[in-house]
Amino acid sequence: MMPLRCGRIRYTNDLPIYAAFDEGVIAYPGTLHSDAPAKLNAMLLRAELDLSPISAYAYAKHAAELVLLPDLCIGAPKDVISVVLIARTPPAMLDGATIAVTNESATGANLLRVLLERRYGVRAAYVPSADPLRVARGGEPALLIGDRAIDARLEFPPESVYDLGKLWHDWTGEPIVFAVWAARGDVYAQRPAEVAACMLALAEAYAWGRAHPHLVAARAQRAVPRPPGFYETYYAHLNFTLDAAAQRGLAAYCRELAAIGAIDRVPPTVPEPVGVVR
């Protein structure tokens, strides 16, 4: 039987979990395909992957086909750094605006919609863009994620940069979860031991990453050079543990998605146990 086909987010924000595999200190028991979050979402839903990180929005929308897995997520207690709205005017003044949104993240785009509609009472038009950074440089509002969002933070004046994690936390008091790990329901039912082995390897790799932050930061610096000390600060802002607080934040996000009609029902936000040792 072929090893489980697993996804991996291609941005530097995944390195605290995956650097141990890159460094060769831990073996991963499946195959890994690296891609943008939206591509991984689609591949998992098309059964081209068996297990993957998936956007919180995509999980919420397709929860009937998936099983939420324990221990890991990608999110932030407050500032997330790498999911930002670039706008010359405050979010509350964007009613009727056209906003370019990255086509790489479903969670970020829907979080922006939640914030504008539910927090500020603003309705905007959202236009998918392959290069929202170019749009932002042209003076129009744009949503960016990942390494391009970090580029924008370093390029634009602070008063034009709105961190969606901070906007969410200031409004709800909850952390935000951008991605979770999920398996296809049929794979989870048929190959539970292999799913557990993959999640155990990921948990062990993250433990190694926490114990070797300098090596994680050095690998990130080699991949995408940033100012000295940037990655240490960046990773300190992120949360990779699907603990009770993250589950609470995920549930709040899903309730808000339901409130704007983006999903039909609030999905389970407590993961299924698969024998992963914490």
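Taking amide hydrogens as placed 1.01 Å from N in the peptide plane, the amide H of residue 32 sits under 5 Å from those of 6, each at least 5 positions away in sequence or on another chain.
What number comes out for the charge environment of residue 46, summing +1 per Lys or Arg and -1 per Asp or Glu over other residues with Cβ under 15 Å away?
Numbers: positive: 5, 39, 61, 184; negative: 35, 48, 50, 65, 186.
It works out to a net charge of -1.
Annotation note: trypsin sites (Lys or Arg not before Pro) in segment 116-165 located in DSSP loop regions with a Cβ neighbour count of at most 16 within 10 Å are 123. Taking each residue as 0.36 nm, the span from residue 123 to residue 255 lengthens on full extension beyond its C-alpha to C-alpha distance by 45.6 nm. Residues whose amide H comes within less than 5 Å of that of residue 71, counting only those at least five positions distant or on another chain, are 242 (H built at 1.01 Å from N in the peptide plane). Here the label points at residue 131 and residue 207, each 7 Å from Cα along the C-beta direction, are separated by 4.6 nm in the simple model. For the pair residue 272 and residue 33, label points projected 7 Å from Cα toward Cβ lie 2.0 nm apart. Altogether, the Stokes-Einstein calculation at 10 °C and 1.306 mPa s, with the Kirkwood radius of segment 83-172 over Cα pairs as Rh, returns a diffusion coefficient of 126 µm²/s.
In sequence order, segment 133-147 has phi-based couplings of 5, 5, 4, 4, 5, x, x, 9, x, 8, 9, 10, 10, x, 5 Hz under the Karplus curve 6.51 cos²θ - 1.76 cosθ + 1.60, θ = phi - 60°, and Gly or Pro positions carry x. Available extension along the chain between residue 224 and residue 46 is 61.0 nm, counting 0.36 nm per residue and deducting the alpha carbon span.
Counting only residues at least eight positions apart within a chain, or on another chain, the lysines with an alpha carbon under 19 Å from that of residue 39 are 61. Please state, rounded to one decimal and in Å, the Kirkwood hydrodynamic radius that the chain gives when every pair of distinct Cα atoms enters the mean of 1/r. One decimal place: 18.9 Å for the Kirkwood radius.
Read the figures in this text as sums done on the coordinates, not as results from a lab. What you see is a predicted model, and the numbers here were worked out from it, not measured in a lab. Positions of Cβ are generated from backbone atoms using ideal geometry, with glycine treated the same way; all protein chains shown enter the neighbour counts.
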